[in-house]
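The values are calculated or read from the model by the stated rules, or taken from the named source; none is laboratory data. Given the structure is predicted, the values throughout are model-derived calculations rather than measurements. Ideal geometry is used to build each Cβ from the backbone, glycine not excepted, and the neighbour counts take in all protein chains shown. Quick note on the areas: whole protein, heavy atoms, side chains included, nothing else; ligands and nucleic acids left out. Shrake-Rupley method; radii C 1.70, N 1.55, O 1.52, S 1.80 Å.
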Amino acid sequence: MGPLLSDLQSKMQKKVDEGEKDPLKLLVYSTHDTALAGIVSALDVFDHRWPEFTASVTFELFKKTPEVIQQSTFLGLNFKWTDLVPSSVGIRGTADVPSPSDYFVRMRYQNNSMTIPHCAKSGNHLGGSPEFCTLKAFQEHIKALTPDDWDAECVPPQPNPTL
């Protein structure tokens with residue numbers, strides 16, 4: 001499952017890096033129940049029931065919206081200063097470069113949000129919502145599941161001819 005999940009997270013990273021310049025809006029993989037069971041098992045969310053015929057796994061990439069910087073009253077109207085700034089411009093007039101901590105990944109299995117145990121750890125998810133894994137924590141977990149050297153790590157050992 002490592003190479004598949006690695007490809008998924010690299011496409012998410014490309015979306016973060018390129019933003020709207022990346023034309024990819026939706027990525028669909030089609031597979032069998034055996035691969036779905038492998039994915040949910042690899043991410044430690046397998047419920048020990050074989051995936052149904054119409055089972056699906058969805059990974060969604062979210063960007064956190066800016067926090068309220070300052071709220072004011074002007075002519076009796078409440079407004080946020082961030083409402084007045086285009087999303088492509090920072091508060092001080094600099095380019096609004098998103099931080100990796102602004103991005104979250106949510107996994108859904110059978111249309112239910114799943115909490116990946118690695119992401120449930122403190123600091124690895126959106127506060128109060130452990131199903132929203134930080135992109136960084138998700139990438140770290142996927143890296144741990146992905147072989148560094150596919151040939152060396154995944155090829156079965158050769159029989160010893162001296163035995």
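How about the stretch 126-160: which of its residues are farther than 17 Å from Phe104 by Cα and assigned to a loop (DSSP other than H, G, I, E, B)?
Scanning the stretch 126-160 gives Thr146, Pro147, Asp148, Asp149, Val155, Pro156, Pro157, Gln158, Pro159, Asn160.
Considering every residue within the stretch 47-55, establish whether at least one is modelled with pLDDT under 90 and on the phi > 0 side of the Ramachandran plot.
Scanning the stretch 47-55 turns up no residue that is modelled with pLDDT under 90 and on the phi > 0 side of the Ramachandran plot.
Report, by residue number, each residue of the stretch 14-50 that is basic (Lys, Arg) and surrounded by 16 or more Cβ atoms within 10 Å (Cβ to Cβ).
Lys15
Hey, could you check the stretch 134-163 for residues that are touching a His at 6+ places or on another chain (Cβ under 7 Å) and more than 20 Å from Leu36 (Cα to Cα) and say which is least open to solvent (accessible area, probe 1.4 Å)?
My answer is Ala137.
Report, by residue number, each residue of the stretch 1-33 that is of a type in the set (Val, Ile, Thr), farther than 25 Å from Glu153 by Cα and not in a helix (DSSP H, G or I).
Val28
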